[in-house]
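For reference, the structure is listed below as structure tokens.
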Amino acid sequence: MTPPRLSPENAWEIPWRALADGEFAAQALPVVETMLAQEPIERRLLVLLDDELHHRLALQRARRRRRGRRAPAAEIDLRPLCYLLLMAFDRVCEDGKGGATLVARGLRLAGLHALFCLLAGEPIAAPAWALAHRMYLRAERSGDAMLITDIGASSDTLYLRMLLLSTIADLGMTPRQTDKCFDWLQAWARGIALEREYDAARQYLAVDLAGSDGLVPAATPRLASPRYFAHGLLAERVSASRADYFRHISVTTLGLYAANPLFEYLDALHQLSRFWDYVNVRQAGKDSGRRPVDGVPVAAEAGFAACCEALRSGKASMRWELIDQSPTGAGFRAKGRACSVEKDALTVFVDPESGGWVLGAAVRVVPTERGADIGVKRLADGWRMVELAEEAVEHRAPNRPAIAGFFIFGDEARGLSDSVLLRSGTFDPSRNYTIRPGRDLFRIRLSRVIQSAGDWEQIGFDVLKRLKTEA
């Protein structure tokens, strides 16, 4: 006999909390589908299912954090149910009928859906953005956007958290870092309201409530229904959180092991702080420190292999004309072979003032009548060339030659962790290497790709053991 189809009428008889995640999703999905086909939607049941889903997603997040970088266990994907419930809240709140709490619940669901998209390595879905924009617009029109609701947060805060989540999607964070940032963003977003009037001196980012994207540059043309985000207070909160976090932990607490979650969280705070520093620099009217230079010729090289050879020999095969310089990079005018430099390629050039080599990436390559204009972003202040030697396994000699790369020194005061720059495609977390960035020899394991561009990757690593110190 075919079991009766689940419906809102018999849903109250189901012991939802006693079900496993898979069974919960299987039972709840048809109930919500039936609710969406009915009029009106049963609000009490909608709230019950929302509370239950929120509880289960919180447990999934806790399990993910505990596992860290270890192979993830199979988790039931609850995003389809999350999205259907979001649609149901959207229906209930049509024409301003839902009230502040139901709108806030819908925005909380939208944020969780966005988070689990990022944790799955997927972009935030455009339909979820469209629903979130619509829910926020209702809260704004009713005058309840800043009201603290029964779920402990306002619609403004929950919506801004989702918007800010879109800014970390390309920062190369681990799932555990992304999940932790989700909580931080809610705390930092409290009390910050989106604005209707554009002020170029205060606002660099905006959102189009009639669109299907997150935050975009405020100067983006043709925003149909823009709201502008003044990022100054949030940037201050990020910076203060990083300083406070670092002050309350010690290097002894962190140890040398990047697998420690405290290390991951400190690294995440640093990445967020760097992002908002970048926003401050890009903001209209902000001085980036760039100064013109009167065409000074400098030795330069581009491409990972060519940069390694230039640094080993002390000689570069190209001469570029330095035309401007700033604390974060430099601009060049180049001819000949330099015209074939690819965007994002690793580059090195000689600083005419210090005489030392500068390590960077070609973030801008623009062909001109006389050659090419090349913009180079400085990748690190402290670095040195190193070799990663693969360790023997089970008394067998390693079958690969040593890997040339660049050791990027961290900055303890700024919460910067050490990393290495290697040729693209080198990352392999299953192998152990030895590396000597100074006097000490370390055994390390590559742990995550921080950023990847052109022919190089910046990679974080775990220190497994300090092997010996040079006399």
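The values are calculated or read from the model by the stated rules, or taken from the named source; none is laboratory data. No experiment lies behind these values; they were computed from the predicted model shown. Using ideal geometry, Cβ is built from the backbone for each residue, glycine included, and neighbour counts are taken over all protein chains shown. For the accessible areas, the whole protein counts, side chains as well, though only heavy atoms, and no ligand, DNA or RNA atoms are used. Shrake-Rupley method; radii C 1.70, N 1.55, O 1.52, S 1.80 Å.
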Next item on the list: Being in a helix (DSSP H, G or I) and crowded, with 19+ Cβ neighbours inside 10 Å is the filter here, so list the residues in the stretch 142-166 that pass it.
Entry: 155, 156, 157, 158, 159, 160, 161, 162, 163, 164, 165, 166
Next item on the list: Search the stretch 8-18 for residues being open to solvent by 20 Å² or more (accessible area, probe 1.4 Å) and not in a helix (DSSP H, G or I), and hand back the single one that is modelled with the lowest pLDDT.
Entry: 9
Note to self: Among the residues that make up the stretch 74-92, is at least one of them aromatic (Phe, Trp, Tyr), closer than 21 Å to residue 135 by Cβ and open to solvent by 10 Å² or more (accessible area, probe 1.4 Å)?
What the structure shows: yes
Checklist line | Matching entry among 306, 240, 219, 230 (being among the small types (Gly, Ala, Ser), open to solvent by less than 30 Å² (accessible area, probe 1.4 Å) and either modelled with pLDDT of 75 or more or farther than 19 Å from residue 450 by Cα (or both)) | finding: 230
Checklist line | Among (1) open to solvent by 40 Å² or more (accessible area, probe 1.4 Å); (2) part of a helix (DSSP H, G or I) - the single one residue 181 does not satisfy | finding: (1)
Next item on the list: Would you point out the residue of the stretch 188-216, among those that are of a type in the set (Gly, Ala, Ser) and within 20 Å of the chain's Cα centre (by Cα), that is most open to solvent (accessible area, probe 1.4 Å)?
Entry: 212
Margin query: Condition check: over 30 Å from residue 428 (Cβ atoms) and open to solvent by less than 50 Å² (accessible area, probe 1.4 Å). Does residue 294 satisfy that?
Written below: no
Check: Does any residue of the stretch 107-128 turn out to be in a loop (DSSP other than H, G, I, E, B) and more than 30 Å from residue 245 (Cβ to Cβ)?
Finding: yes
Next item on the list: Identify all residues within the stretch 416-471 that are on the phi > 0 side of the Ramachandran plot and in contact with a Leu (Cβ under 8 Å, 6 or more places away or on another chain); write none if there are none.
Entry: 454
Check: Across the stretch 130-141, what is the number of residues that are open to solvent by 10 Å² or more (accessible area, probe 1.4 Å), more than 24 Å from residue 51 (Cβ to Cβ) and in contact with an Asp or Glu (Cβ under 9 Å, 6 or more places away or on another chain)?
Finding: 1
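Can you work out which of the residues in the stretch 94-113 that are of a type in the set (D, E, K, R) and closer than 19 Å to residue 163 by Cα is surrounded by the fewest Cβ atoms within 10 Å (Cβ to Cβ)?
108
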Check: Of the conditions (1) without any contact (Cβ under 8 Å) to a residue 40 or more places away in the chain; (2) of a type in the set (A, V, I, L, M, F, W, C); (3) open to solvent by 50 Å² or more (accessible area, probe 1.4 Å), residue 31 fails just one. Which one is it?
Finding: (3)
Next item on the list: State all residues of the stretch 216-230 that are at negative phi and assigned to a loop (DSSP other than H, G, I, E, B); if no residue qualifies, say none.
Entry: 218, 219, 220, 221, 223, 224, 225
Margin query: Tally up the residues in the stretch 443-471 that are within 13 Å of residue 386 (Cβ to Cβ) and either in contact (Cβ under 8 Å) with a residue 60 or more places away in the chain or in a loop (DSSP other than H, G, I, E, B) (or both), please.
Written below: 1
Next item on the list: Could you list, in sequence order, all residues of the stretch 168-177 that are surrounded by fewer than 19 Cβ atoms within 10 Å (Cβ to Cβ) and within 21 Å of residue 240 (Cβ to Cβ)?
Entry: 171
Next item on the list: Give the residue, chosen from 91, 64, that is under 20 Å from residue 162 (Cβ atoms), modelled with pLDDT of 90 or more and not acidic (Asp, Glu).
Entry: 91
Margin query: When you check residue 197 against the structure, is it part of a helix (DSSP H, G or I), farther than 28 Å from residue 58 by Cα and without any contact (Cβ under 8 Å) to a residue 40 or more places away in the chain, yes or no?
Written below: no
Notebook entry, point to check: Among the strands (runs of 3 or more DSSP E) confined wholly to the stretch 302-367, which include 3 or more residues that are farther than 19 Å from residue 292 by Cβ?
Noted result: 346-350
Notebook entry, point to check: Is it fair to say residue 101 is over 30 Å from residue 451 (Cβ atoms), modelled with pLDDT of 90 or more, in a loop (DSSP other than H, G, I, E, B) and hydroxyl-bearing (Ser, Thr, Tyr)?
Noted result: no
